[in-house]
Amino acid sequence: MSRLLEIESLSLRMPWLAKRPLLDGVTLGVDAGEVVGLVGESGSGKSLTARAVLRLLPQNAEVDGRITVGDTEVLGATKADVRELRRSTVSMVFQDPRAGINPIRRIGDFLTESLRLNHGWPKDKARTRALELLQAVGLPDPERHLRQFPHELSGGMLQRVMIAGALTVEPRLLLCDEPTTALDVTTQAEILSILGRLQREQGMGMLFITHDLDLAAAVCDRVYVMYAGRIVEQSPAQALFDRPRHPYTAGLLASTPGVDADHDRLVSIPGAPLSLLQNPPGCAFAPRCAYAQDACRAEQPDLVTEGDHAVRCIRSAALRDELRGLGRHDGGAA
Amino acid sequence: MSDTPLLQVNDLRKSYLSHGTVVQAVDGVSFRLGPGESLGIVGESGSGKSTTARMLVGLEAPDSGEILVQGRALDLDRSHREARLHQARALQIVFQDPYLSLDPRVTVGGAIDAVLKLHGTGDKSARRARTLELLGQVGLGEREAGVLPRRLSGGQRQRVAIARALAVEPRVLVLDEAVSALDVSVQAQVLNLLTDIRRSTGIGLVFVSHDLAVVRYVCDEALVMRRGEVVEHRPTADLLDSPEHPYTRLLLSAVPRPGWDPDEIGRLRREAEAS
């Protein structure tokens, strides 16, 4: 498989806002046809990472590292090259569909605008393509939807329109930032069914951002876990949930109740995620970690790769069995 | 369950007029809740679960039906101050968004103090002591009492909202998606806190949520709502282990898990629509 997206040592600092780097040495890759999950809690940097791929960066942020999409190095590219990337190769679907569409323009304008402007298509051709796309995302009445305004559609229907919009460029890489978080569970399932089908049919690579571990396990091939701007673990999806190797991943799994099993008491992670004003010298998770030792607090651990698994924890090997006990391997979810 | 339940709801109904058509938002909801018990209300948007919660605490007036607290019917005429205060002492609510439910200009201690004052604790030092006691119950202390909400994390704010709701010693605490906006690791802390409070005080919980896993953890019983109606009401473990109604099966199948097949959901949805 060819590599579509390569992020190498991406760091992002905004010293006037945050004492710690918002992203610190993020390295990740997405192959063609692969669904890669990026999991973490609010403030972990997962959205920033995805947005950086489109060079949607906060103003004046100090950015380091390399992001390569196909042959283009995004961070150093000219404005024209970035525009070309956005209109031909990479698309993004955001959490809130209403935030990304002009409420006083019709759905049809939204969908055909980029085809006509970016690709110079005549009106009829663009319209035909828009109809095809609305059909592809499973909307019941494409002709009518083209004439409708965003407020006439429910959240789930509008998110389908946004996906159709993202597909107008026939992207090779689709970035999905919590695309179903605001939706009902049954609608979520339908949207994911559509995304999965399109992804398989077109061989797209997908970077799928979510805070929902079970969702990531269900839809992703590989998963990266972020904490406080750093990747702390990377693994094939199933193995991550069966055999977590980082105490944070294991803690997240243990603190998520399962729908198939009874729990006497959830194991919760004490404290709260690092604020922007905290920048402990060692492992960012150490203040909340039940297994932390002095060495953890002294020095930032490296991300150590072993086969298809990588983990940023100096105690990972010693804790292997203990953390495995917190995984999902014996849970009801099979 | 004792003979007189903490909370009994009989045939609660509410309709709205929307674009000229009558929408039956809540269509005959009934349930009982004993001391220290916990009832889940599950459903998707538009199911009527939030409207039910809002009627319980008097934020919406029901078209018909009864709400009995310890056997005594609430006066649902909200024009009397006494009736409102009485309902507030019986039932309190915690909302989803801890960023919207606290006044940004009032300190955490001040927010709780106002509730105590409203409900008749006249003595200032008594209120101060009670405020700290309430904050202590949710794992916060004197430091948090003096700060504005913006100094607190989402999880801490939600604890404050819980402490404020507990200030009047309500019989029942209604939680409307109260942990949905929290990060997973923090959500577990708040869920454990609710369980502890329920065990130690005998307060009843009405837990409104779309999250079946969370409901399974918190609730003894759960009812599933769709389009205003209760389609299934059973002990939570039974409900989720062997759902009887097609709609419950649909909701359950839609919960992501490894090996999950989203394509299957479409078929179940059509099946549920047909029922």
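The values are calculated or read from the model by the stated rules, or taken from the named source; none is laboratory data. Since this is a predicted model, take the numbers as computed values, not measurements. Ideal geometry is used to build each Cβ from the backbone, glycine not excepted, and the neighbour counts take in all protein chains shown.
Things worth noting here:
- Taken as a whole, the structure leaves B:L132 outside the set of residues that are without any contact (Cβ under 8 Å) to a residue 24 or more places away in the chain and either in contact with a strand residue (DSSP E or B) (Cβ under 9 Å, 6 or more places away or on another chain) or not assigned by TED's automatic domain parsing to the domain that holds B:K14 (or both).
- Residue within region A:170-191 that is part of a helix (DSSP H, G or I), in contact with a strand residue (DSSP E or B) (Cβ under 9 Å, 6 or more places away or on another chain), touching a residue at least 60 places away in the same chain (Cβ under 8 Å) and more than 9 Å from chain B (Cβ to nearest Cβ) present: no
- Residue in region A:119-137 that is part of a helix (DSSP H, G or I) and under 21 Å from A:D184 (Cβ atoms) present: yes
- Region B:184-205 residues that are touching a residue at least 24 places away in the same chain (Cβ under 8 Å) and more than 11 Å from chain A (Cβ to nearest Cβ), paired with ones that are among the polar types (S, T, N, Q) and surrounded by fewer than 23 Cβ atoms within 10 Å (Cβ to Cβ) (beta carbon under 8 Å, 6 or more apart): B:I197/B:Q137
- Region A:1-13: number of residues that are out of contact with any helix residue (DSSP H, G or I) (no Cβ under 7 Å at 6 or more places or on another chain) and closer than 13 Å to A:G45 by Cα: 2
- Scanning region A:26-50 for residues that are over 11 Å from the mean Cα position of the chain (by Cα), at pLDDT 95 or above and buried (at least 24 other Cβ atoms within 10 Å of the Cβ) returns A:V26, A:V30.
- So A:S275, is it closer than 20 Å to A:V26 by Cα and among the hydroxyl-bearing types (S, T, Y): yes
- When B:S180 is tested against the conditions (1) of a type in the set (S, T, N, Q); (2) in a loop (DSSP other than H, G, I, E, B); (3) without any contact (Cβ under 8 Å) to a residue 12 or more places away in the chain, the lone failure is (3).
- Members of region B:206-215 that are crowded, with 23+ Cβ neighbours inside 10 Å and in contact (Cβ under 8 Å) with a residue 60 or more places away in the chain: B:V206, B:F207, B:V208, B:S209, B:L212, B:V215
For every residue, the table says whether it meets (1) surrounded by fewer than 21 Cβ atoms within 10 Å (Cβ to Cβ); (2) without any contact (Cβ under 8 Å) to a residue 60 or more places away in the chain; (3) in contact with a Pro (Cβ under 7 Å, 6 or more places away or on another chain); (4) hydroxyl-bearing (S, T, Y).
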site	(1), (2), (3), (4)
B:Y217	no, yes, yes, yes
B:R227	yes, no, no, no
B:L250	no, yes, no, no
B:W260	yes, yes, no, no
B:R270	yes, yes, no, no
B:A274	yes, yes, no, no
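- Counted residues, region B:34-68 - those being more than 20 Å from B:S15 (Cα to Cα) and crowded, with 22+ Cβ neighbours inside 10 Å: 3
- Any chance B:G71 is more than 28 Å from B:S30 (Cα to Cα), surrounded by fewer than 18 Cβ atoms within 10 Å (Cβ to Cβ) and either not charged (D, E, K, R) or not assigned by TED's automatic domain parsing to the domain that holds B:R171 (or both): no
- Single match in A:L266, A:L252 (criterion: at the interface with chain B (Cβ under 8 Å from one of its Cβ atoms), at pLDDT 90 or above and closer than 26 Å to B:L252 by Cα): A:L252
Conditions (1) in contact (Cβ under 8 Å) with a residue 60 or more places away in the chain; (2) farther than 17 Å from A:E322 by Cβ, marked per residue:
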position: A:H246; (1), (2): yes, no
position: A:A261; (1), (2): yes, yes
position: A:R265; (1), (2): no, yes
position: A:I269; (1), (2): no, no
position: A:P273; (1), (2): yes, yes
position: A:Q278; (1), (2): yes, yes
position: A:P281; (1), (2): no, yes
position: A:P287; (1), (2): no, yes
position: A:A292; (1), (2): no, no
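- Within region B:108-132, tally of residues that are surrounded by fewer than 17 Cβ atoms within 10 Å (Cβ to Cβ), within 23 Å of the chain's Cα centre (by Cα) and assigned to a helix (DSSP H, G or I): 2
- B:V179 fulfils the conditions (1) within 12 Å of another protein chain (Cβ to nearest Cβ); (2) of a type outside the set (F, W, Y); (3) surrounded by fewer than 23 Cβ atoms within 10 Å (Cβ to Cβ) except for a single criterion, (3).
- Residue in region A:244-254 that is of a type outside the set (A, V, I, L, M, F, W, C) and surrounded by fewer than 24 Cβ atoms within 10 Å (Cβ to Cβ) present: no
- When A:A334 is tested against (1) modelled with pLDDT of 95 or more; (2) loosely packed, with under 14 Cβ neighbours inside 10 Å, just one condition goes unmet, and that condition is (1).
- Tally, over region A:283-308, of residues that are more than 23 Å from B:A188 (Cα to Cα) and surrounded by 18 or more Cβ atoms within 10 Å (Cβ to Cβ): 2
Residues checked against (1) within 14 Å of another protein chain (Cβ to nearest Cβ); (2) farther than 24 Å from B:L56 by Cα:
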{"residue": "B:L118", "(1), (2)": "no, no"}
{"residue": "B:G136", "(1), (2)": "no, yes"}
{"residue": "B:L140", "(1), (2)": "yes, yes"}
{"residue": "B:E144", "(1), (2)": "yes, yes"}
{"residue": "B:P149", "(1), (2)": "no, yes"}
{"residue": "B:A161", "(1), (2)": "no, no"}
{"residue": "B:R164", "(1), (2)": "no, no"}
{"residue": "B:A167", "(1), (2)": "no, no"}
{"residue": "B:P170", "(1), (2)": "no, no"}
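- With respect to being under 27 Å from A:L10 (Cβ atoms), within 8 Å of chain B (Cβ to nearest Cβ) and of a type outside the set (A, V, I, L, M, F, W, C), A:D212 fits the description.
- Restricting A:R297, A:R245 to those that are part of a helix (DSSP H, G or I), more than 8 Å from chain B (Cβ to nearest Cβ) and within 22 Å of A:G45 (Cβ to Cβ) reduces the list to A:R297.
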